[in-house]
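Notes follow once the structure below has been shown.
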Amino acid sequence: MRSNTFPERELAMNEVITGMNKIELDTPCLIINKDVMEANLAHMANSVKNNLRPHIKTHKSPVIAKMQLAAGAIGITSAKVSEAEIMAKAGINNILIANQITGPQKITRLLDLASDYSIQVLVDNLVNVKELSSAAEARKMELHVLIELNVGLNRCGVLPGAPALELARSVLNSRGLVFAGVEFYEGHVSKFPDSDIRKRETQKSIDLALKTKEQIEKIGMNVEVVSSGGTCTYAITGNHPDITEIRPGSYMFMDASYKQILPEFEYALTILGTVVSTPHPNRAVIDAGGKSMTQDNGLPIIVSPEGWKLIWMNEEHGVLERLDGSPLTIGDKVEIVPSHSCTTTNLYDHFFVCQKDKLIDVWDISARGKLQ
Ligand SMILES: Cc1ncc(COP(=O)(O)O)c(C=O)c1O
């Protein structure tokens, strides 16, 4: 397939032809198993009653965001203004930028976006409320904000209870801002392997948020949105009667780290590498290393061939050790599941989209590297 994205040399070098087998692709490259990804999307959509607002940090691709919307999502979540810009330009409205946006440059970009699209943003402090308010007021705009609550992750977020109530009041009294509700991310409980413990700890986070919601409502403010995350707690937050939306990201690709907690989702994203050296029958080195797959959640795992293990990586080398597999030879292809799909996706320009093992499409990772 000579696709529209063809000008890029790297893609051209792949001699990408529809129907070719994925192992003929040049490497390292990222492969999507489309059927598996669609099954993951459907599983999430069918498992939750609450609204879905998937986090696009995992795929950074408008094509996939549109598939999530087609599968029933009400909108999307981004981490960055620049990611939201890419999604909006691709025609996606209704974006929650789940972050604090500060400083004149980004606030200008945020308001530019919010003047044409439905945008919400998080606040957790008074300084930010004031700068957003005066910028929005100067442009005679109304910016919709959610208050981010710290329910235990200890990242951003105002403390639930009185501090959150005070911040909600200040939003109410700030020209140019519209209070839309509360947001929290229970990332500190998401990786408890025991599902009972995960449920109990998630419930504690939810209780903190809902108690704060009640306090805000008691002073006559309407809390329209209660937004929570993520993949590992979807079954709990996605069906809680007082949560309005959830923001899972990783579910559609899955990865080696989340799979241990959620076996019901399958691996849809892999990295393809090539054996470039076999210094010893029990050792093989591939052309994919730390610049091709991240290890912030541990080492990626090999899914093909069987009987080999990735034991360490340098920037451009992945070193494999033979367990009980057949010896590898130069040119053999190795397929690997990332340990963290979100950070791995951010390293590539394209997804090579396959059905079974056949290439059917190439999708740009348009928001890759969008950090601002
Ligand atoms: C604000 C926010 N919402 C939702 C998520 C959920 O992401 P995931 O489903 O990949 O765990 C995250 C993860 O980092 C997050 O930071």
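The values are calculated or read from the model by the stated rules, or taken from the named source; none is laboratory data. Not measured: the values here are computed from a predicted model. Every residue, glycine as well, gets a Cβ built from its backbone with ideal geometry; the counts of neighbours run over all protein chains shown.
I'd like the full set of residues that are surrounded by 20 or more Cβ atoms within 10 Å (Cβ to Cβ) and either touching a helix residue (DSSP H, G or I) at 6+ places or on another chain (Cβ under 6 Å) or over 18 Å from VAL225 (Cα atoms) (or both), limited to segment 117-127. Even if it seems obvious, please write down each step before you answer.
Kept after step one, since they are surrounded by 20 or more Cβ atoms within 10 Å (Cβ to Cβ), are these residues of segment 117-127: 119-124.
Passing the criteria: ILE119, VAL123.
Selection of segment 46-62 for residues being within 16 Å of the ligand (Cβ to nearest atom), on the phi < 0 side of the Ramachandran plot and in a loop (DSSP other than H, G, I, E, B) yields VAL48, ASN50, ARG53, PRO54, ILE56, LYS57, THR58, HIS59, SER61. Within segment 136-150, the residues that satisfy the criterion of being aliphatic (A, V, I, L, M) and crowded, with 21+ Cβ neighbours inside 10 Å are ALA136, LEU143, VAL145, LEU146, ILE147, LEU149. Please go through segment 83-111 and pick out each residue that is buried (at least 16 other Cβ atoms within 10 Å of the Cβ), more than 16 Å from the ligand (Cβ to nearest atom) and not in a loop (DSSP other than H, G, I, E, B). Those that are buried (at least 16 other Cβ atoms within 10 Å of the Cβ), more than 16 Å from the ligand (Cβ to nearest atom) and not in a loop (DSSP other than H, G, I, E, B): GLU85, ILE86, ALA88, LYS106, ILE107, ARG109, LEU110, LEU111. The set of residues in segment 1-45 that are modelled with pLDDT under 90, crowded, with 16+ Cβ neighbours inside 10 Å and in a helix (DSSP H, G or I) contains only LEU11. Looking at LYS60, is it buried (at least 19 other Cβ atoms within 10 Å of the Cβ) and either out of contact with any Gly (no Cβ under 8 Å at 6 or more places or on another chain) or within 20 Å of GLY229 (Cα to Cα) (or both)? Yes, satisfied. Going by the conditions given, is ALA114 surrounded by fewer than 20 Cβ atoms within 10 Å (Cβ to Cβ) and small (Gly, Ala, Ser)? So ALA114 fails the test.
To keep it simple, each residue is scored yes or no on (1) within 17 Å of the chain's Cα centre (by Cα); (2) on the phi < 0 side of the Ramachandran plot; (3) without any contact (Cβ under 8 Å) to a residue 60 or more places away in the chain.
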{"residue": "ILE64", "(1), (2), (3)": "yes, yes, no"}
{"residue": "LYS89", "(1), (2), (3)": "no, yes, yes"}
{"residue": "LYS106", "(1), (2), (3)": "no, yes, no"}
{"residue": "SER115", "(1), (2), (3)": "no, yes, yes"}
{"residue": "ILE119", "(1), (2), (3)": "no, yes, yes"}
